[in-house]
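First comes the structure, then the notes that go with it.
The values are calculated or read from the model by the stated rules, or taken from the named source; none is laboratory data. Bear in mind the structure is a predicted one, so any value in this text is a computation, not a measurement. With ideal geometry, Cβ positions are generated from the backbone for all residues, glycine too; neighbour counts draw on all protein chains shown. Keep in mind that these areas ignore ligands, DNA and RNA; they rest on the heavy atoms of the full protein, side chains included. Shrake-Rupley method; radii C 1.70, N 1.55, O 1.52, S 1.80 Å.
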Amino acid sequence: MAVSSTQLPELLKRRGIRQTRSRMDILEKFAHIDHALSQPDLEKSLGRAYDRVTIYRTLTLYVEKGLLHQVLDDSGAMKYALCNHECGTDDHHHDHIHFKCDDCGQTTCLENVHIPQVNLPNGFKVREKNLLMMGVCENCSA
């Protein structure tokens, strides 16, 4: 989801999140990229501006409030990406495919490519769907 810097305060306000400098700076990082970020990515990008605990708590809050969703990749590292406008506090709509590039290592949400329906046996209930595909992204294959 592309978001301009001017929209960020409104995104926080709509979800009942108090605006602080750290929250704005972290959200700003997600607004200007098209791939998922891990906590270490953010720590490196933000330098010494915020400690690890502040970044972790902000990421956790953003997931709880429907601003970010978690993205798993093959390394086991947890990454985060902006949710689309339909996500809320109680219901994330992120049943799209994630693609990790073998060359650049970036994981991208493919919002328009949905995870196919899977019929599970009786008694099984889905809480979350994750599908990771790997290969070479459009930037690296050009």
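Taken over segment 113-142, the criterion of being modelled with pLDDT under 85 and not aliphatic (A, V, I, L, M) is satisfied by HIS114, ARG127, GLU128, LYS129, ASN130. Restricting the first member to segment 62-75 and to residues that are within 15 Å of LEU11 (Cα to Cα), and the second to residues that are part of a helix (DSSP H, G or I), the beta-carbon pairs closer than 6 Å and six or more apart or on different chains are LEU68/TYR62. The residues of segment 1-42 that are assigned to a helix (DSSP H, G or I), under 16 Å from LYS79 (Cβ atoms) and either in contact with a His (Cβ under 6 Å, 6 or more places away or on another chain) or open to solvent by 40 Å² or more (accessible area, probe 1.4 Å) (or both), listed by number, are LYS29, PRO40, ASP41. Scanning segment 26-49 turns up one or more residues that are more than 12 Å from the chain's Cα centre (by Cα), among the acidic types (Asp, Glu) and closer than 17 Å to LEU8 by Cβ. When restricted to residues that are open to solvent by 30 Å² or more (accessible area, probe 1.4 Å) and out of contact with any strand residue (DSSP E or B) (no Cβ under 7 Å at 6 or more places or on another chain), segment 49-72 contains 12.
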